[in-house]
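Worksheet: the structure to be examined is printed underneath.
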Amino acid sequence: MTRVRLRQTHPNLFRGSLAVALVFLALGLNIVVFKPTFNQYGLNWWVSGLFALFATVQLYALWSKRLPTLRVSQAAIVFIALFWAGALTLFTFQTHKTSLALPICFYGLAVWQLLQLIEPASNPANQVERE
Amino acid sequence: MIAAVGDSPVLLVAVPAVLSAVTALFTYRYAKRKDKETAVTTFMERVQEDNKELRARIVLLETRLAAAEEALRLVERATVKAALLKKQQD
């Protein structure tokens, strides 16, 4: 397995992924953010739990320098954040009870994670460490 | 259309799920391909660097070998000369 020393070789990706992971971990652990929104099929718990889970996986991937694991966790968080933002948008349009501020926040977070996902992990100047 | 989707709880969950899954999947595949390409480029650059170092080392060793051969030839010539001188003296 190839391990990439992101911290030394690509600090932008490392810092960005770390920040996103911490934000999503905090969001996942903070059910209060999800409480005022709709809870069809217990989605509040599912979404917050999956955010916390994949944010933890992302932190683990950064710590253990596993690039494939990092990419999978980033894609999973993009999926959940976009899904939640989309569901909240539709819910807002349906009920007109909540504002669009929360879905827009989630769209922003999803795009932030998406930018980390498409950020290249290495360039020719970088070094790759082999196990 | 949005109202129609919003009215059905299943569609309310299914539509964003499908759209976000497609987005995440395509982005993931793009990122994976990019990572592979950059890893190959990095590897090729390292191979070329190693190749350059090895070539420089080969040139150095060839120079040393030529110098050693020259020195050996001089020693052999000196040995022959010494043997001839000894024969003349005898």
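The values are calculated or read from the model by the stated rules, or taken from the named source; none is laboratory data. Keep in mind the model is a prediction, meaning the values are calculated, not measured. Every residue, glycine as well, gets a Cβ built from its backbone with ideal geometry; the counts of neighbours run over all protein chains shown.
Condition (residue is farther than 20 Å from A:Ala76 by Cα, outside any helix (DSSP H, G or I) and among the acidic types (Asp, Glu)) applied to region B:68-90: is it met by at least one residue? For region B:68-90, residues farther than 20 Å from A:Ala76 by Cα, outside any helix (DSSP H, G or I) and among the acidic types (Asp, Glu): present.
Tell me the residue from B:Glu62, B:Glu37 that is part of a helix (DSSP H, G or I), of a type in the set (Asp, Glu) and modelled with pLDDT under 90, please. If you could, list the steps in order and put the result at the bottom.
Numbers: B:Glu62 fails: modelled with pLDDT under 90.
Of B:Glu62, B:Glu37, the one residue that is part of a helix (DSSP H, G or I), of a type in the set (Asp, Glu) and modelled with pLDDT under 90 is B:Glu37.
Tell me, yes or no, whether region B:39-62 has at least one residue that is exposed (fewer than 12 other Cβ atoms within 10 Å of the Cβ) and within 9 Å of chain A (Cβ to nearest Cβ). Looking for residues that are exposed (fewer than 12 other Cβ atoms within 10 Å of the Cβ) and within 9 Å of chain A (Cβ to nearest Cβ), one finds at least one in region B:39-62, hence yes. Looking only at region A:103-120, decide whether some residue is within 30 Å of B:Met44 (Cα to Cα), at the interface with chain B (Cβ under 10 Å from one of its Cβ atoms), at pLDDT below 90 and in a loop (DSSP other than H, G, I, E, B). Yes, region A:103-120 contains a residue that is within 30 Å of B:Met44 (Cα to Cα), at the interface with chain B (Cβ under 10 Å from one of its Cβ atoms), at pLDDT below 90 and in a loop (DSSP other than H, G, I, E, B). Within region B:80-90, identify whether any single residue is of a type in the set (Lys, Arg) and either loosely packed, with under 10 Cβ neighbours inside 10 Å or in contact with a Phe, Trp or Tyr (Cβ under 6 Å, 6 or more places away or on another chain) (or both), and answer yes or no. Yes.
Has region B:3-26 got any residue that is closer than 30 Å to A:Ala81 by Cβ, surrounded by fewer than 10 Cβ atoms within 10 Å (Cβ to Cβ) and within 14 Å of chain A (Cβ to nearest Cβ)?
Taking region B:3-26 first, the residues closer than 30 Å to A:Ala81 by Cβ are B:3-26.
Checking which are surrounded by fewer than 10 Cβ atoms within 10 Å (Cβ to Cβ) leaves us with B:3-4.
Within this subset, residues satisfying the condition of being within 14 Å of chain A (Cβ to nearest Cβ) are B:3-4.
The answer is yes; a qualifying residue exists.
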